[in-house]
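Structure first, commentary second.
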Amino acid sequence: MDLSQALQMVSRSDAGMVRSHNEDAVFTNAAMGLAILADGMGGYNAGEVASGMATTLLGSELEKAFQKTAPHQVDAAGKLHSHAVLEAEIARANTAIYQAAQSQPQYAGMGTTLVMVAFYDNMMTVAHIGDSRLYRLRGEEFQAITRDHSLLQEQIDSGMITAEEARHSQNKNLVTRALGVDPTVEPEIRDYDTMPGDVYLLCSDGLNDMVEDEEIALTLQALSANLDLAATQLIQTANDSGGRDNVSVVLVRIAREYPAARSWWARLLQWFK
Amino acid sequence: MSAKLILSMDGLVLKEIPLTKERTTIGRKPHNDIQIDNLAISGEHSVIVTILNDSFLEDLNSTNGTYVNGQPIKKHFLQNNDVIELGKYKLKYLNETPTQTTAADFEKTMVLRPDLMKKTAEQTAAKTASPSDTQVGMKALDTHANMAKPAPAAVPAAPQQAVMGAIQVLTGANAGKELELTKNLTTLGKPGVQVAVITRRPHGYFITHVEGANFPVVNGVALDAHPHELKDHDVIELAGVKMEFFIKG
């Protein structure tokens, strides 16, 4: 099923003002309803190898898997196909990156964060690992959908520091989970409903560390009619504020509903609604 | 490069104490890590909990209280140059933020491995930790520090906005109205018909087309899809309305 009429997607990735190369990677396929963003880490070029492997492997494997069986199908055990595929493919990508890191000395210790969304049947399945985020703008309300897997988030959750104090912490860059650093990884996978008019933002920490949430919200509200410009503007704002890290964004706007095509009678029913 | 405290009284520096342990206790009794033998100090007065690069100060229900920068505190997230006061004693907290080049490196995302983290905690608990122990939870910084970095000049100078821009409407129902461009983004026009945005950047104001079949016209010339820098007294035409951009003092 082609979702490109229902989903508008744009992506931008920039090295920033300080770093010499870009260790972020993005992948989008509006027709298949897939958006993936990864922020790599590790010496020399290893970070971009890890993030590139993650987006490429997951992108191509999910395209194949969802073409074979639609993501909304439920298997014998009552599990959504999307969940089964995401779990399996994230585990495979993890193994691939981990083995590359183990076998090639120049890739030792590489890993990547991951945030990815699969849109289907008027909903989305979100998987994430680490501190790359998914935000949602619905009407006036702008909020983070994902919760970072980071030391800072754990400190906030345990009441040790407040969100305001967290902005001044020097432990900003420590993630507690990453893809490809251990033989196994535990992604956080959740489902959410989507509504026409929603704007989703996937971003690396180069955006949300440099630009306040209110500023991001203001940009999306003002420029949601022109996603290309909104994405360019977000990158520019991060760079104008110092651009100390690579900065990447994927923007997705839900243009209209996209119910899954079920059997002929379900479609007929849909048509009469 | 761990954080440290400078103990002083009446402007006289008494001691320099590196914060290497997970818990550094301060009090009058001898078992404290920082013992201050003075009757104004409680037996167990306060404690500093250090987690990697961050330190938290907590008052342990002391009789005379713990003050930071003149304010009484129960619990406080210490920032570089904070001054902790206990009675007549002052403890200055120093946690040098890395310099420009290392700052970039420092912000590199790193994985915190729970197994290593536990080991760090055990080590700190078991023996007096060496300063480097606080770093064990992190992967070693990679060697990028030595690589050529783009000149710092690439980073825009202080983003302080020296000038304030404003828009004055020249024609239509709102003629004469003035709008100060204080936000980083100001949209103009009619949604669904024609919208443009004025962005405030460190080096000036820019106008960009957002939506609509017609592009904004500046000084009689239609813009393309790219941002256009606004100069003092530029005249903008948008959705049939003329307005003037100008710099306010």
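A short reminder: the numbers here are calculations on the coordinates, not readings from a lab. Here the structure is a predicted model, which means the values were calculated and not measured. All Cβ positions, even for glycine, are placed from backbone atoms using ideal geometry, and neighbour counts span all protein chains on display.
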All positions within region B:214-227 that are part of a strand (DSSP E or B) and either surrounded by 19 or more Cβ atoms within 10 Å (Cβ to Cβ) or of a type in the set (Gly, Ala, Ser) (or both): B:218, B:222
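Identify the residue in region A:138-159 that is under 15 Å from the mean Cα position of the chain (by Cα) and away from chain B (no Cβ under 14 Å) and, among all such residues, is surrounded by the fewest Cβ atoms within 10 Å (Cβ to Cβ). Full working, then the answer.
Narrowing region A:138-159 to residues under 15 Å from the mean Cα position of the chain (by Cα): A:143-149.
Now narrow it down to the ones that are away from chain B (no Cβ under 14 Å): A:143-147.
Details: A:143: 10, A:144: 13, A:145: 18, A:146: 21, A:147: 15.
Taking the candidates together, the pick is A:143.
Of a type in the set (Gly, Ala, Ser) and within 30 Å of residue A:213 (Cβ to Cβ): which single residue out of B:196, B:222, B:213 fits that description? It would help to see each step written out before you state the result.
Details: B:222 fails: within 30 Å of residue A:213 (Cβ to Cβ); B:213 fails: within 30 Å of residue A:213 (Cβ to Cβ).
One residue alone meets the criteria, B:196.
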Scan region B:187-197 residue by residue and report those that are farther than 15 Å from residue A:220 by Cβ and assigned to a strand (DSSP E or B). B:188, B:189, B:190, B:194, B:196
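Among the residues of region B:198-213, which ones are without any contact (Cβ under 8 Å) to a residue 24 or more places away in the chain and part of a loop (DSSP other than H, G, I, E, B)? If you could, list the steps in order and put the result at the bottom.
Here is the first cut: in region B:198-213, the residues without any contact (Cβ under 8 Å) to a residue 24 or more places away in the chain are B:201, B:208-211, B:213.
The answer is B:213, and nothing else.
Could you pull out every one of the helices (runs of 4 or more DSSP H) wholly within region A:152-229 that has 3 or more residues that are over 30 Å from residue B:94 (Cβ atoms)? Walk me through it before giving the result.
On the way: elements: A:163-166, A:205-208, A:213-223.
It comes to A:213-223.
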Can you pull out the residues in region A:160-178 that are surrounded by fewer than 18 Cβ atoms within 10 Å (Cβ to Cβ) and of a type outside the set (D, E, K, R)? A:160, A:162, A:163, A:168
